[in-house]
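A short write-up of the structure that comes next.
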Amino acid sequence: MIEKKLTVKNPLGLHLRPAGELCKLATEYQSDIKICFRNKEFSAKSILGILSACVQQQDEITLVCRGADEEEASEALAAFIESQT
């Protein structure tokens, strides 16, 4: 299991467009991928899950990846989240 703490930089947070792109990227991996925010877990493979988290700019989230390709998944998803400005 790999956990990474990330700060969302996008001025609009994880709104529809980046949530959709994040979900699409997450589905490319076999690992179970979650976003932990405010003591709740949301599936990164579910656009509704990501949107229901209501993550805003400057919020800190924890990306949790478990599975065969967890290392690659965590690196790719962390890079995507950090690149959204």
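Every number here is computed from the coordinates shown, using simple stated rules; none is lab data. Keep in mind it's a predicted model, so treat the numbers as computed, not measured. FYI the Cβ positions are ideal-geometry reconstructions off the backbone, even for glycines, and counts take in every protein chain you see.
Observations, loosely collected:
- Just so you know, the Cα atoms of region 2-83 work out to an Rg and Dmax of 11.1, 33 Å.
- Highest average packing first - 57-69, 32-44, Cβ atoms within 10 Å: 32-44, 57-69
- Placing +1 on each Lys and Arg Cβ and -1 on each Asp and Glu Cβ, with no other charges, gives the chain a dipole about its Cα centre of roughly 400 debye.
- Length available on full extension from Glu72 to Asp59: 0.36 nm per residue minus the Cα-Cα distance, which gives 2.3 nm.
- The chain: relative contact order in percent, alpha carbon pairs under 8 Å with at least 6 residues between: 47
- Ranking Ala76, Gln56, Ser43 by Cα position along the charge dipole of the chain, where only Lys, Arg, Asp and Glu carry charges on their C-beta atoms, puts Gln56 farthest toward the positive end.
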